[in-house]
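**Q** Below you will find the structure I want to go over with you.
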Amino acid sequence: AKAAMGGYSMVDVPVATPNQFSCTLGGTEQKSFVNVDITTLKRKAEVIDERKFACSELVRQIVSQPGSRSNPNAPLAPLSAKDIETISIYEKVSDGRIECSQRTATYLVPSQSDPIAFKKWQMSQGRAVDVRYYDVAYSNSNQPEVR
């Protein structure tokens, strides 16, 4: 959030657990604030061999406006709702170093309150609307790097 929205974008983090993350993001004006809720729907891990393992996770991300000032807990229709599936294959390449190939796919979620969002969901026909690939490397900073 800080990279995209600035250093003071993270206003509040009321929930941060392994299966639920909620935060409020925003700028200097009340109308620019948004709530982001991410809930884990499914998670799986599988050992491929002694050096490789795979993990997958499906989360639902809901972005909404905060409630009115008179009732900040009043539910409002989400600005966006989507499911995000991340599949990661990790490989231990040396002591202190793990490399990961990752695929993240975003799927639309049907909306009961927004006819345009519902139509977009219908048009997507269950296919991902965004797919991204990442290569990630993890290293133990306590291990000396040998070249």
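The values are calculated or read from the model by the stated rules, or taken from the named source; none is laboratory data. Since we're looking at a predicted model, the values are computed, not measured. Positions of Cβ are backbone-derived with ideal geometry, glycine not excepted, and every protein chain shown enters the neighbour counts. The accessibility values were calculated without ligands, DNA or RNA, using every heavy atom of the protein model including side chains. Shrake-Rupley method; radii C 1.70, N 1.55, O 1.52, S 1.80 Å.
**Q** Residues of region 132-147 being within 22 Å of the chain's Cα centre (by Cα), more than 25 Å from Ser64 (Cβ to Cβ) and open to solvent by 60 Å² or more (accessible area, probe 1.4 Å), which ones?
**A** Our first condition is that a residue be within 22 Å of the chain's Cα centre (by Cα); within region 132-147, this holds for 132-138.
Going one step further and asking which of them are more than 25 Å from Ser64 (Cβ to Cβ), we end up with 133-138.
Once the filter is applied, which keeps residues that are within 22 Å of the chain's Cα centre (by Cα), more than 25 Å from Ser64 (Cβ to Cβ) and open to solvent by 60 Å² or more (accessible area, probe 1.4 Å), region 132-147 yields Tyr133, Tyr134, Asp135, Tyr138.
**Q** Checking Gln125 against (1) open to solvent by 70 Å² or more (accessible area, probe 1.4 Å); (2) on the phi < 0 side of the Ramachandran plot, which single condition isn't satisfied?
**A** Condition (2) is where Gln125 drops out.
**Q** List, please: which pairs have Cβ atoms under 6 Å, are six or more places apart or on different chains, and start with a residue in region 30-57 that is more than 15 Å from Arg103 (Cβ to Cβ) and end with one that is of a type in the set (Phe, Trp, Tyr) and open to solvent by 90 Å² or more (accessible area, probe 1.4 Å)?
**A** none
**Q** For Leu41, state whether it is surrounded by fewer than 14 Cβ atoms within 10 Å (Cβ to Cβ) and at pLDDT 95 or above.
**A** When the stated conditions are applied, Leu41 passes them.
**Q** Also, quick follow-up: Farther than 28 Å from Ala128 by Cβ, among the β-branched types (Val, Ile, Thr) and modelled with pLDDT under 95: is that true of Val63 in this structure? Give the steps one after another, and end with the answer.
**A** On the way: farther than 28 Å from Ala128 by Cβ: no; among the β-branched types (Val, Ile, Thr): yes; modelled with pLDDT under 95: yes.
Taking the combined requirement at face value, the residue does not satisfy it.
**Q** In this structure, does Gly26 turn out to be over 27 Å from Tyr134 (Cβ atoms), open to solvent by less than 90 Å² (accessible area, probe 1.4 Å) and modelled with pLDDT under 85?
**A** So Gly26 passes the test.
**Q** Then there is this: What tally of residues in region 93-118 results from selecting those that are assigned to a strand (DSSP E or B) and open to solvent by less than 30 Å² (accessible area, probe 1.4 Å)?
**A** 4
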